[in-house]
Amino acid sequence: MDELVLTAGGAVQLLVLDTLSGRNALKNVDKWAAEQDLDPLLHPGLQASWFNDDALGRHLDRLNEADIHQIDSAFQLHVYQHERIPISVFHGDTKSMPV
């Protein structure tokens, strides 16, 4: 059986959920995660302690090294094409707000 690990995608998912909950700090996310039911939110078996400040920092560094702007642009283009969004309403600026 493969060992479950926290991926950069999982870290980003939890950060988005954390932000949508109304919190605005990137610290103590693991404490917030401990109050959530992570199994249905993300993936069964994830531990809140895996979302500590150091782990999240490492994942955000990995995303930066992978050129997050290029990843985001490719994702937005895929959504645009899949959903057939009219180009007149599509907004794809990935550099106006730092991540």
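Readers should treat all values here as calculations from the given coordinates under stated rules, not as data from a laboratory. For clarity, every value in this text was computed on a predicted model and none was experimentally measured. Heads up, the Cβs are rebuilt from the backbone with ideal geometry, glycines too, and the neighbour counts pull from every protein chain shown.
Summary of values
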quantity: Pairwise FRET efficiency - residue 19 versus residue 87, Cβ, R0 = 35 Å, nearest 0.05; calculated: 0.80
quantity: Gyration tensor verdict on the stretch 36-75 (Cα atoms; rounded if a/c is under 1.5, prolate if a/b is larger than b/c, oblate otherwise); calculated: oblate
quantity: Sites residue 75 and residue 54, calculated FRET efficiency, Cβ-Cβ separation with R0 30 Å, nearest 0.05; calculated: 0.70
quantity: Ellipsoid equivalent to the chain - semi-axes via the Cα gyration tensor, in Å; calculated: 27, 15, 15
quantity: Order of 29, 5 under a 10 Å beta carbon neighbour criterion, fewest first; calculated: 5, 29
quantity: Cα long-axis angle, helix 53-65 against the chain (0 to 90 degrees, to the nearest 10); calculated: 30
quantity: P(r) weight above 19 Å for the stretch 8-66, C-alpha pairs, percent; calculated: 21
